[in-house]
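This report concerns only the one structure given below.
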Amino acid sequence: GASVDVPTSVFDSDARQTAIGYGRRFASADQRANLTVQSIPNNEGDTPATFLAKKKPPPGIEYKRVTPRFFAVSSVRNNKIWYDRCNFSGHYINCVLINYPAAEKREWDDVVTRISHSLSAK
């Protein structure tokens, strides 16, 4: 499973189950932002690069970093920034997916960095 520092001052503690893999989805009190934390079985032994390619990310990604242990991608869609980071650990891929208003990017930078850097395997 995945472990991540969820800032409860930003995201509601009432999380619901995600549809893919194992995990939870959190939302801000005003419902304008959300955070999904999930673990996905890596049955095919994908690397970060191959897994990302299989997901066929949309064109126009503004930020992309791929290493042998993780990938992080981000862009803007419908006036929201989406940020996805997935760490590869053993037989699981542990991910955080964050969506928040693009107009509030500066206010969210520290929150996103904190969440992203805290992602680890249990």
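The values are calculated or read from the model by the stated rules, or taken from the named source; none is laboratory data. Predicted, not measured: the structure shown is a model, and the values here were computed from it. Quick reminder, even Gly has a Cβ in these numbers, built from the backbone with ideal geometry, and neighbours come from all protein chains shown. Side chains are part of the model used for accessible areas, which takes the heavy atoms of the whole protein and leaves out ligands, DNA and RNA. Shrake-Rupley method; radii C 1.70, N 1.55, O 1.52, S 1.80 Å.
A few points about this structure:
- Hits in the range 87-112 - residues which are touching a helix residue (DSSP H, G or I) at 6+ places or on another chain (Cβ under 7 Å) and not aromatic (Phe, Trp, Tyr): ILE93, VAL96, ILE98
- Within the range 1-20, the set of residues being open to solvent by less than 70 Å² (accessible area, probe 1.4 Å), at pLDDT 80 or above and of a type outside the set (A, V, I, L, M, F, W, C) comprises SER3, ASP5, PRO7.
- Among the residues of the range 67-85, those that are charged (D, E, K, R), over 12 Å from ALA2 (Cβ atoms) and crowded, with 17+ Cβ neighbours inside 10 Å comprise LYS80, ASP84.
- Verdict on LYS64 being loosely packed, with under 14 Cβ neighbours inside 10 Å, without any contact (Cβ under 8 Å) to a residue 24 or more places away in the chain, more than 19 Å from SER28 (Cα to Cα) and within 15 Å of the chain's Cα centre (by Cα): yes
- Those residues of the range 86-117 which are open to solvent by 70 Å² or more (accessible area, probe 1.4 Å) and on the phi < 0 side of the Ramachandran plot, in sequence order: HIS91, TYR92, ALA103, LYS105, ARG106, GLU107, ASP110, ARG114, HIS117
- Taken over the range 86-111, the criterion of being closer than 16 Å to ALA2 by Cβ and of a type in the set (A, V, I, L, M, F, W, C) is satisfied by CYS86, PHE88, ILE93, CYS95, VAL96, LEU97, ILE98.
Every residue, every condition in (1) touching a Gly at 6+ places or on another chain (Cβ under 9 Å); (2) within 25 Å of LYS122 (Cα to Cα), yes or no:
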| site | (1), (2) |
| --- | --- |
| VAL4 | no, yes |
| THR8 | no, yes |
| GLN31 | no, no |
| ASN34 | no, yes |
| ASN42 | yes, yes |
| PHE51 | no, yes |
| PRO59 | no, no |
| ALA72 | no, yes |
| TYR83 | no, yes |
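- Filter pass, ARG85 being without any contact (Cβ under 8 Å) to a residue 60 or more places away in the chain and either in a strand (DSSP E or B) or of a type in the set (A, V, I, L, M, F, W, C) (or both): yes
- Residues located in the range 51-61, provided they are open to solvent by 60 Å² or more (accessible area, probe 1.4 Å) and assigned to a helix (DSSP H, G or I): ALA53, LYS54, LYS55
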